[in-house]
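Data block below; observations after.
The values are calculated or read from the model by the stated rules, or taken from the named source; none is laboratory data. All of these numbers come straight from a predicted model, not from anything done at the bench. Here the Cβ positions follow ideal geometry from the backbone for every residue, glycine too, while neighbour counts run over all protein chains shown.
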Amino acid sequence: MRNEIQEAVEQETTGRFATARLLSPGRDCGGVISDLLLASAGIELELVNGESG
């Protein structure tokens with residue numbers, strides 16, 4: 001079984017996902033809902049590359 005994407009929000013100016021809500025298998029009987037926050041601050045690339053200001 002796989003997680004299901006219930007909802008996703010895209011930043012229109014960058015064309016990247018900003019937020020996604022995942023529903024776990026078995027959600028009908030108390031499964032987990034996970035909200036993922038993606039690309040929110042505009043510094044993600046710098047963080048991944050380990051750069052400091």
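Before moving on, here are some points about what is shown:
- A Cβ distance below 9 Å, combined with a sequence gap of six or more or placement on separate chains, defines the contacts here; from the stretch 26-53, residues that are aliphatic (A, V, I, L, M) reach residues that are modelled with pLDDT of 70 or more and part of a helix (DSSP H, G or I) in the pairs Ala41/Leu47.
- Residues that are at pLDDT 80 or above, farther than 16 Å from Leu45 by Cα and either part of a strand (DSSP E or B) or among the polar types (S, T, N, Q) (or both) within the stretch 2-19 comprise Glu4, Ile5, Gln6, Glu7, Ala8, Val9, Glu10, Thr13, Thr19, listed in sequence order.
- On inspection, Ile33 qualifies as modelled with pLDDT of 80 or more and not basic (Lys, Arg).
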